[in-house]
Structures are given as structure tokens and as C-alpha cells.
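Asks: Starting off with a structure, shown below.
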Amino acid sequence: PHTKPINFWAWLMETMRRRHPGVIFLAEAVTRPEMMQARAKVGFQQGYSYFVWRNAKWELEEFLTEVSTQTSAWYRPNFFVNTPDINPYY
């Protein structure tokens, strides 16, 4: 999703939701935080996040504070421990 213009996704999601109101969109790409938040604001209900690369306590606290306060109104990150193509340090 990060390689297509935001307007494209807005159009596609609006069109799909009219036809299939129950569809959920997952942004399956980790990119710049600004782009991940823009995707969320345009309508992606879920998205991959930097959670898998947060290992230290302070990193987890910082990340969880951000997603539970500053961006919680629109950004819904998934907290996967890994994906098929991401293998974190631990």
C-alpha cells in the first residue's frame, strides 16, 4: 500500500465498502510512520507496525505510549511477533 497514492486507496476503499460493507483493509507494509498514519486516516483499519523491532523495555514503552495516545484515534497497528518475511532479533 505504501507504493500507491493515498487518493487511490481512498477511492478503492470507498468503492469496496459500498459494495461490501464488512470488508476490512490491512496495510501489509511497514514504511515511514507518516505514511502508515496517512494510510490509517484514509481508511485502513489495521496495519503492520514497528512492534517486531522493539526489543528493549524503553522501546516498547515508547512505542506503546505513541500508539495508545498520540495516534490512537486513527492508527490500529497489529502487534505480530513476526511475519513470514520479518524475523526479529529475539
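The values are calculated or read from the model by the stated rules, or taken from the named source; none is laboratory data. None of the values given here were measured: they were computed from a predicted structure. All Cβ positions, glycine included, derive from the backbone under ideal geometry; neighbour counts span all protein chains shown.
Asks: Out of curiosity, is residue 15 farther than 15 Å from residue 71 by Cβ and either at pLDDT below 90 or within 9 Å of the chain's Cα centre (by Cα) (or both)?
Replies: no
Asks: With in contact with a helix residue (DSSP H, G or I) (Cβ under 9 Å, 6 or more places away or on another chain) and at pLDDT 85 or above as the only criterion, which of 29, 56, 38 stands out?
Replies: It is 38.
Asks: Same structure, new question: When you scan region 4-25, how many residues do you find that are in contact (Cβ under 8 Å) with a residue 12 or more places away in the chain and exposed (fewer than 13 other Cβ atoms within 10 Å of the Cβ)?
Replies: 2
Asks: Okay, next question. Of everything in region 40-73, what is surrounded by 14 or more Cβ atoms within 10 Å (Cβ to Cβ) and assigned to a loop (DSSP other than H, G, I, E, B)? Give them in sequence order.
Replies: Hits for region 40-73 are 43, 44, 48, 49, 54, 71.
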